[in-house]
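The values are calculated or read from the model by the stated rules, or taken from the named source; none is laboratory data. Here the structure is a predicted model, which means the values were calculated and not measured. Note that we place each Cβ from the backbone using ideal geometry, even for glycine, and neighbour counts take in every protein chain shown. Ligands, DNA and RNA are excluded from the accessible area calculation, which covers all protein heavy atoms including side chains. Shrake-Rupley method; radii C 1.70, N 1.55, O 1.52, S 1.80 Å.
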Amino acid sequence: MTIREASPEDAAAVAAVHVGSWRAAYAELLPPEFLASLSVPERAARWEARLAAPDGPTVLVATGPGGRLVGFSCLRPWPDGDFDPATTAELAALYTLPEMWGTGLGRRLAEASVERLLHDGFRTALLWVLAGNERARRFYEAAGWRADGTVVQEETGGVILDELRYARALSG
């Protein structure tokens, strides 16, 4: 398994992982018709723009045998004004293909993401996770992330869902 920084040429493969993971991870949380409507080409266009933007997020990709992209993470300075974006980052996404769940790939990708954030000078990281996504919550908690008590409601696919904010110190 190799983890490297993504390029715009990775956009379609990142989108395929993104859509595939959403369809599996959120099958019990979001309407099936919404999940079925997710479009890899539409997401690929968005990812290509993000990956090509000079001030875009940092995206790490994990590739398996034959160079097949099997997971990714997306990192950026914290976008809201309640934390200093010079020292606080957001793990905005971390997804792997469902067939990779339980293999340790997600853990390796999360560790690489933390290493990259430390390298880039961040000291704290935050992320959002759906309250009903027990698998993801267990994953992040095992990696040292903790819910900080902040909850927001977001509408996705016509459903209002609670999102929990998790935090992690990156050093010390």
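Go through region 132-152 and count every residue that is part of a loop (DSSP other than H, G, I, E, B) and in contact with a Leu (Cβ under 6 Å, 6 or more places away or on another chain). Adding up the residues that qualify gives 1.
Cβ separations smaller than 9 Å between residues 6+ apart or across chains give the following pairs from region 133-144 residues that are on the phi < 0 side of the Ramachandran plot to residues that are surrounded by fewer than 17 Cβ atoms within 10 Å (Cβ to Cβ) and basic (Lys, Arg): PHE139/ARG107; TYR140/ARG146; ALA142/ARG107; ALA143/ARG107. For region 111-122, the count of residues that are in contact (Cβ under 8 Å) with a residue 12 or more places away in the chain, under 12 Å from the mean Cα position of the chain (by Cα) and outside any strand (DSSP E or B) is nonzero. Is there a residue in region 135-154 that is open to solvent by 70 Å² or more (accessible area, probe 1.4 Å) and among the aromatic types (Phe, Trp, Tyr)? Checked region 135-154: no residue is open to solvent by 70 Å² or more (accessible area, probe 1.4 Å) and among the aromatic types (Phe, Trp, Tyr).
In region 123-132, the residue that is farthest from ASP162 (Cα to Cα) out of those that are surrounded by fewer than 18 Cβ atoms within 10 Å (Cβ to Cβ) and in contact (Cβ under 8 Å) with a residue 40 or more places away in the chain is ARG123. Exactly one residue out of ALA52, ALA36 is over 17 Å from the mean Cα position of the chain (by Cα) and over 29 Å from ASP162 (Cβ atoms): that is ALA52. Kindly check whether there is at least one residue in region 153-161 that is under 30 Å from GLY64 (Cβ atoms) and in a strand (DSSP E or B). Looking for residues that are under 30 Å from GLY64 (Cβ atoms) and in a strand (DSSP E or B), one finds at least one in region 153-161, hence yes.
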